[in-house]
């Protein structure tokens, strides 16, 4: 037995919680999942390992550097851990196309893997909570408005404070860029996406590097400048549209702008119909989701008062995500919550605490071996009624047993000694205030099921 | 857009389900999880990737060949995907020892990875559903009896038919083997473990190869032979014990046998106290869990009438699982359900069907764009009351919309047209029998919440 001990450490960049914390984490995850279900999204569970050719079918760019590749050994197929749930979803829809109803609505809550440089609040393994709606050939814009409303109601239930949705439309932006003579709108989108992070001056520098004139950059910033209300922004956008018509730039360009604006207005209005209050919506022309595959609606979600955390849920509309897997045109709209990071941020901000979490409702404590049979019966009785009940089966003094009850954070201790057994009663002790009652098992059940 | 298409295939040996099947799978997983919770096991979530030195700290044997290693790239740490949840649990308990209450009860339901040779019903990625109770320095044998009772009640709720627990005790077996002069009890345990699979003759051959005499093998088979009842087996075991006393073989050996027998009897009796009927328990001396790290109680679980499926839940007592990570003595008892394989087997046996699963309670169908606002209001109203409601936002004819309702297996369609909107009512259609009513939204809620 004098073997050398192995350090029981985990790899850096991975989150592992203590049980009390895990309960809080799991309750958040459950609230999200129940919300997804209530809105009629179907569960999906795809393999964590996929063929590399599937994962990188879109190229992948930055992400390929972060990938966890599987040492394939004798296998001839390159394999890797998924880095998001979107590519597997596109692959799934293409694979099972003939067996799915369209629009197809699915949620998936699962871990994804990115070998990012280790830093505070960034994890290499983390939960994503995704919903997507995928249409065949077409998908109504109203779906774009429903997505953030799902999140609005879920975040209300999570009880972590008010959130604000910043919405925009890429078609509108691209249309406007084109009227400014910007040809590579991708790189401009990416630069604009950094506005809140690095500021106007730095973004201006980036745009000048891209070959934009000072005048064009000025016109762009004018356009992106936040106004005092959504109504003012929409009025401004209408005015810009009218000016474009007059200047009679290429008709296709103006059409794209108009189409994007109509979508943006519709999403803004329908979000309210879906129950998101107007004051929780901000039409924000600087939101672009620069690195993503979105083509129309884009949005980010901020926790009011904690905007520095960054977006806690982002999403948008994509025209044709599965184009690498199938010739069928599959437009969709989706969003993702990065739960592991969100949990970390909320904990750092003091918005969640593991103290509140009652888990064990009743800890049944037989005082001696003779009390065991009656104690087990009592635990059976509680569990059959759905009460979370643990029975303590070890020997030792009453004091040690009650200390254990405190240690596991049980709400009640159900003490069973000679007297209780003789009288077919139990001694119920409220561990929050040490009050104690001698009651029957039926009374016990009533007490434990009420006031939870 | 004429890129070459990538086949949307998954790797062989991985399970991926259609939504209706996934719902059935998830309900099983939920039933298991709720059962674990009700018995006071705490949730745990460990990283899927661990240091190789942690995963293989016990050697690993056969398993090391099946491991999914991570191509570590620039990292200097060997990493791999977990092949079970037991090693990570031992590592977790050793790492967080000072922060946990003992006995520490945890459950974990998560995917594990084994690169097994591909064959029907064997998966390379599969869910394990584990519970364990770990004590510090000691842990009462009564815990061993509680474990199968958790499973008994969970399988009752799963409604897949009666199960039978085959229990045994390794200490008893080792004690008996020693009295036969068998020194390498590990290899004998492993051979005996194969009895039901390969039969007495083949096992006899294996044992003779291990150097056992024909006489010893005969005595062994005599001992292992199933008797007509648990009472008869216990009587036989007592008689063998008395004979050992008389023959006065080494006292230590007899003591181990006695201790094992006492544990086995206690577990048998306490299982009944925990609610497992006597006829669902079989003391089966041929159960050894040969390849595992168990030291006392061992058990397997069979689905009555489908014994050929093999054990659907196995477990047992281990003396010191974390001995590679800590000097603290941490005895425990645990069990595991291989859910992915179980689901596959139950489906093959026709014991579960994805037909039953209602998921979408109500599909709200606006007949035209003008009905949309009122339809969204109606969906909001249902969801706020907790009803799983989907709204269909696409255009098209009523027939197409109702076909979609069938396609997603919705229980009810809530039709909203000009008349419903004008009267502030809805047309509720029961999709199982095509009955239809015109009712108010309050009546709708009543109808949808009742009789689920």
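For the rotation that carries chain A onto chain B, the axis lies closest to a Cβ at A:71, 2, where the number is the distance in whole Å.
Taking every DSSP helix (H) stretch of at least 4 residues in chain A, weighting each as -39,500 (n - 2.57) and dividing the sum by the residue count yields a mean residue ellipticity at 222 nm of -13000 deg cm²/dmol.
Pairs of Cα atoms nearer than 8 Å and 6+ residues apart set the relative contact order; for chain A it is 16 percent. Between residue A:418 and residue B:228, take the C-beta separation as r, use R0 = 51 Å, and let me know the FRET efficiency to the nearest 0.05. Computed FRET efficiency for residue A:418 and residue B:228 comes out at 0.85. With a 10 Å cut-off around each Cβ of A:133-141, the average count of Cβ atoms from other chains is 2. Classification of the range A:1-141 by its C-alpha gyration tensor yields an oblate form. The axis ratio a/c (a ≥ b ≥ c) is 1.5 or more, and b/c is at least a/b. Counting only the Cα atoms, the range A:119-201 fills a convex hull of 202 Å³ per residue. Over the range B:1-143, Cα pairs under 8 Å with separation of 6+ residues give a relative contact order of 26 percent. Counting, for every residue in A:18-26, the Cβ atoms of other protein chains within 10 Å of its Cβ and taking the mean gives 4.
Based on the reciprocal of the average 1/r between different C-alpha atoms, the Kirkwood radius for the protein assembly as shown equals 30.7 Å.
Over the range A:347-452, Cα pairs under 8 Å with separation of 6+ residues give a relative contact order of 28 percent. Axis angle, to the nearest 10 degrees, between helix A:339-348 and the longest C-alpha principal axis of chain A: 70 degrees.
Look at where the Cα atoms of the range B:291-329 and of the range A:187-266 average out, and the two centres are 65 Å apart. Across identical copies of the chain, residue A:137 has label-point separations of 7.5 nm, listed in ascending order, with the point defined 7 angstrom from Cα along Cα→Cβ. Using a/c under 1.5 as the rounded threshold, could you call the range A:346-416 rounded, prolate or oblate? The axes a ≥ b ≥ c are square roots of the C-alpha gyration tensor eigenvalues, and prolate needs a/b larger than b/c, oblate otherwise. Cα axes put the range A:346-416 in the oblate bin. Principal-axis analysis of the Cα atoms of chain B puts helix B:398-407 at an angle of about 10° to the longest axis.
Within the range A:295-452, the percentage of alpha carbon pairs spaced more than 21 angstrom apart rounds to 61%. By the beta-carbon count within 10 Å of each Cβ, the least crowded to most crowded order of B:265, B:171, B:247, fewest first, is B:247, B:265, B:171.
Between the helical axis of A:214-224 and the longest alpha-carbon principal axis of chain A there is an angle of about 50 degrees.
By its C-alpha gyration tensor, with a ≥ b ≥ c as the square roots of the eigenvalues, how is the range A:379-422 shaped: rounded for a/c under 1.5, else prolate for a/b larger than b/c, else oblate? Taking the square roots of the gyration eigenvalues as a ≥ b ≥ c, the range A:379-422 is oblate. When Rg and Dmax are taken over the Cα atoms of chain A, they come to 28.0, 95 Å. Shortest first, residue B:424 label-point distances to identical copies amount to 5.6 nm, with the label point at 7 Å from Cα along Cα→Cβ.
Remark: label point of residue A:71 defined 7 Å out from Cα along the Cα-Cβ vector; separations to the same position in other copies 1.2 nm, ascending.
Per-residue shielding of A:143-151, expressed as the average number of other chain Cβ atoms within 10 Å of the residue Cβ, stands at 2.
Each value in this text was obtained by applying a stated rule to the coordinates, not by laboratory testing. These numbers were taken from a predicted model, which means no experiment stands behind them. Methodologically, a virtual Cβ is constructed for each residue, glycine included, from the backbone with ideal geometry; neighbour enumeration extends over all protein chains shown.
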